[in-house]
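Report on the structure given below.
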């Protein structure tokens, strides 16, 4: 995994809340069964179990599932390193699907490699039971709360 930058700020309390087993995700991350397993300064790791309802008609994991996991860790990795109340919104990402996934666990590791006041570039590696199956890079826009 590429080395994450050392951010100027790191909110360990936010990171701990994100990685807590009681952290309940909603929407697509909840449906996919995403579990945050580690959050560090500029890094995040999340997993999901491959289930039959996530497979395409040919028995392989749908690429959109892997892309959904990537998008999740791409933006969420920023919350411990940006000011509270700011918003991280993915503006683009590219994903390479390297091998078919049929079962097991997907593990996505993200690393912030560039961070300014307004944007971040994040790299993500995805493994299926220890085998590299996806690579991604994306840009995230960081915005202040309205009225500030």
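The values are calculated or read from the model by the stated rules, or taken from the named source; none is laboratory data. Model, not experiment: these values are computed from the prediction. Heads up, the Cβs are rebuilt from the backbone with ideal geometry, glycines too, and the neighbour counts pull from every protein chain shown.
Only one of these conditions is not met by residue 13: (1) under 22 Å from residue 143 (Cβ atoms); (2) in contact (Cβ under 8 Å) with a residue 40 or more places away in the chain; (3) assigned to a helix (DSSP H, G or I). Which number is it? Failing condition for residue 13: (2). Filtered by the rule that a residue be touching a strand residue (DSSP E or B) at 6+ places or on another chain (Cβ under 9 Å) and in a loop (DSSP other than H, G, I, E, B), the stretch 16-40 gives 20, 21, 23, 25, 33, 34.
Screening residue 81 with (1) within 25 Å of residue 144 (Cβ to Cβ); (2) surrounded by 14 or more Cβ atoms within 10 Å (Cβ to Cβ); (3) free of Cβ contacts under 8 Å to residues at least 12 places away in the same chain gives one miss only, at (3). I'd like to check something: does the stretch 46-56 contain any residue that is modelled with pLDDT of 95 or more, under 14 Å from residue 15 (Cβ atoms) and in a strand (DSSP E or B)? Scanning the stretch 46-56, I find at least one residue that is modelled with pLDDT of 95 or more, under 14 Å from residue 15 (Cβ atoms) and in a strand (DSSP E or B), so the answer is yes.
Name the one entry in 14, 81, 6 that is at negative phi and under 15 Å from the mean Cα position of the chain (by Cα). Give the steps one after another, and end with the answer.
Working: 14 fails: under 15 Å from the mean Cα position of the chain (by Cα); 6 fails: under 15 Å from the mean Cα position of the chain (by Cα).
Of the residues listed, the single one that is at negative phi and under 15 Å from the mean Cα position of the chain (by Cα) is 81.
Looking at 101, 113, just one residue is in a strand (DSSP E or B), touching a residue at least 24 places away in the same chain (Cβ under 8 Å) and either surrounded by fewer than 19 Cβ atoms within 10 Å (Cβ to Cβ) or touching a helix residue (DSSP H, G or I) at 6+ places or on another chain (Cβ under 8 Å) (or both), and that residue is 113.
Residue check: is residue 1 within 16 Å of residue 122 (Cβ to Cβ) and part of a loop (DSSP other than H, G, I, E, B)? Outline the logic, then answer.
Details: within 16 Å of residue 122 (Cβ to Cβ): yes; part of a loop (DSSP other than H, G, I, E, B): yes.
Considered against the rule, which asks whether it is within 16 Å of residue 122 (Cβ to Cβ) and part of a loop (DSSP other than H, G, I, E, B), residue 1 comes out as yes.
Listed here are the residues, each with its yes/no results for (1) within 18 Å of residue 102 (Cα to Cα); (2) touching a helix residue (DSSP H, G or I) at 6+ places or on another chain (Cβ under 9 Å); (3) buried (at least 17 other Cβ atoms within 10 Å of the Cβ).
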site: 30; (1), (2), (3): no, no, no
site: 38; (1), (2), (3): no, yes, no
site: 43; (1), (2), (3): no, no, yes
site: 48; (1), (2), (3): yes, yes, yes
site: 57; (1), (2), (3): yes, no, no
site: 66; (1), (2), (3): yes, no, yes
site: 69; (1), (2), (3): yes, yes, yes
site: 72; (1), (2), (3): no, yes, yes
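Residue 89 - would you say it is on the phi < 0 side of the Ramachandran plot, surrounded by fewer than 14 Cβ atoms within 10 Å (Cβ to Cβ), assigned to a strand (DSSP E or B) and over 11 Å from the mean Cα position of the chain (by Cα)? Criteria met by residue 89. Looking only at residues of the stretch 11-28 that are surrounded by fewer than 16 Cβ atoms within 10 Å (Cβ to Cβ) and under 18 Å from residue 74 (Cβ atoms), we find that the one that is modelled with the lowest pLDDT is 23. Consider residue 95 carefully, then state whether it is more than 21 Å from residue 59 (Cα to Cα) and either in contact with a helix residue (DSSP H, G or I) (Cβ under 9 Å, 6 or more places away or on another chain) or surrounded by 13 or more Cβ atoms within 10 Å (Cβ to Cβ) (or both). Here the answer is no, as residue 95 does not meet what is asked.
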